[in-house]
Amino acid sequence: MKRNNYVVANWKMNGLTSFVKIFNAINKHLVSKKLNNPNVIVCPPYTLINTLVSSKKSKVMIGAQDTHELDSGAYTGCVSSEMINDLGAKYVIIGHSERRQLFGEDVELLSKKILSAHKHGLKVIFCIGELESEIKNRKSILMKQLKSLPKKLDHKKLIIAYEPVWAIGTGLTPTLLEIDSIHASIRDILKFNQSFAKNVSILYGGSVNAENANNILSLENVDGALVGGASLKPRDFSKIIDYFS
Ligand code: PEP
């Protein structure tokens, strides 16, 4: 079975109302080229979800960048999966390294967030990746991070994004050979006890840009990209999307 391809934009904390122009440009590109592959998902800040979801004739799907593990309550400033779903977004990024590092999110908390997202019908884009100081222990780090995932799951509810932390926003990437073999070993780790291992899409993220996307996205074990900085430049992001067409 052929796995689904995805190109996902993570806008992080960038997204004034004027950023709708960026979204419209990406959507126009998909519509004018009649592209059905890859699936394109834009994850703006919460504040723009409603506006982007309401965009007419959109071929771009919308996701959030994080969720709370509970449904509602006295948690000032937090947003739940139920609320994200209520806005019409279909995806949510969970476990991004910025959340793990800056907000101390651990395996147990992330596992609860995944359950909450699935309970409310959101598909999860689950990020894993090692720090530079952990490169030598990469496999055991990834194995530990993957423990947040449930054992049984419809593969359509999950996308995995391998993002080496040292590659995010730095212009650095692992070699192509390394990316391909790390992706293969992630699938092998999952195959031990996760039923969805064979069919789940595994994306690469970390300094993907219009220049390197072609090589990265042609790797056998790479099913797409999670893109930060370059996703705010519609021309570059469109070029990344085009590698699948
Ligand atoms: C990210 O933050 O998920 C990311 C991949 O960022 P960048 O593409 O800027 O490295």
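Has segment 177-184 got any residue that is within 14 Å of the ligand (Cβ to nearest atom), under 24 Å from LEU102 (Cβ atoms), modelled with pLDDT of 95 or more and among the β-branched types (Val, Ile, Thr)?
Keep residues of segment 177-184 that are within 14 Å of the ligand (Cβ to nearest atom), which gives 179.
The next check asks that each one be under 24 Å from LEU102 (Cβ atoms); those that pass are none.
No, segment 177-184 contains no residue that is within 14 Å of the ligand (Cβ to nearest atom), under 24 Å from LEU102 (Cβ atoms), modelled with pLDDT of 95 or more and among the β-branched types (Val, Ile, Thr).
When THR76 is tested against (1) polar (S, T, N, Q); (2) surrounded by 16 or more Cβ atoms within 10 Å (Cβ to Cβ); (3) free of Cβ contacts under 8 Å to residues at least 24 places away in the same chain, exactly one condition is not met: (2).
For the condition among the basic types (Lys, Arg) and on the phi > 0 side of the Ramachandran plot, what is the one hit in LYS34, LYS2, LYS56, LYS28?
After ruling out the rest, the residue left standing is LYS34.
Residue count for segment 1-18, restricted to those that are more than 16 Å from the ligand (Cβ to nearest atom), closer than 21 Å to GLN65 by Cα and either surrounded by fewer than 19 Cβ atoms within 10 Å (Cβ to Cβ) or free of Cβ contacts under 8 Å to residues at least 40 places away in the same chain (or both): 4.
As for segment 83-97, it holds at least one residue that is within 16 Å of VAL124 (Cα to Cα) and basic (Lys, Arg). Looking across LYS136, LYS144, one residue alone is free of Cβ contacts under 8 Å to residues at least 24 places away in the same chain, more than 17 Å from LEU226 (Cα to Cα), away from the ligand (no atom under 13 Å from the Cβ) and not in a loop (DSSP other than H, G, I, E, B). It is LYS136.
Counting the residues of segment 187-218 that are more than 16 Å from the ligand (Cβ to nearest atom), of a type in the set (Val, Ile, Thr) and part of a helix (DSSP H, G or I) gives 1.
Sort through MET83, MET13 and tell me the only one that's at pLDDT 95 or above, under 20 Å from the mean Cα position of the chain (by Cα) and assigned to a helix (DSSP H, G or I).
Values: MET13 fails: assigned to a helix (DSSP H, G or I).
Answer to the selection: MET83.
With respect to the conditions (1) away from the ligand (no atom under 16 Å from the Cβ); (2) under 16 Å from the mean Cα position of the chain (by Cα); (3) not charged (D, E, K, R); (4) not in a helix (DSSP H, G or I), THR76 lacks only one, and its number is (2).
The values are calculated or read from the model by the stated rules, or taken from the named source; none is laboratory data. Note that the structure is a prediction, hence the values are computed from the model and not measured. So basically every Cβ, Gly included, is an ideal-geometry build from the backbone, and we count neighbours across all protein chains shown.
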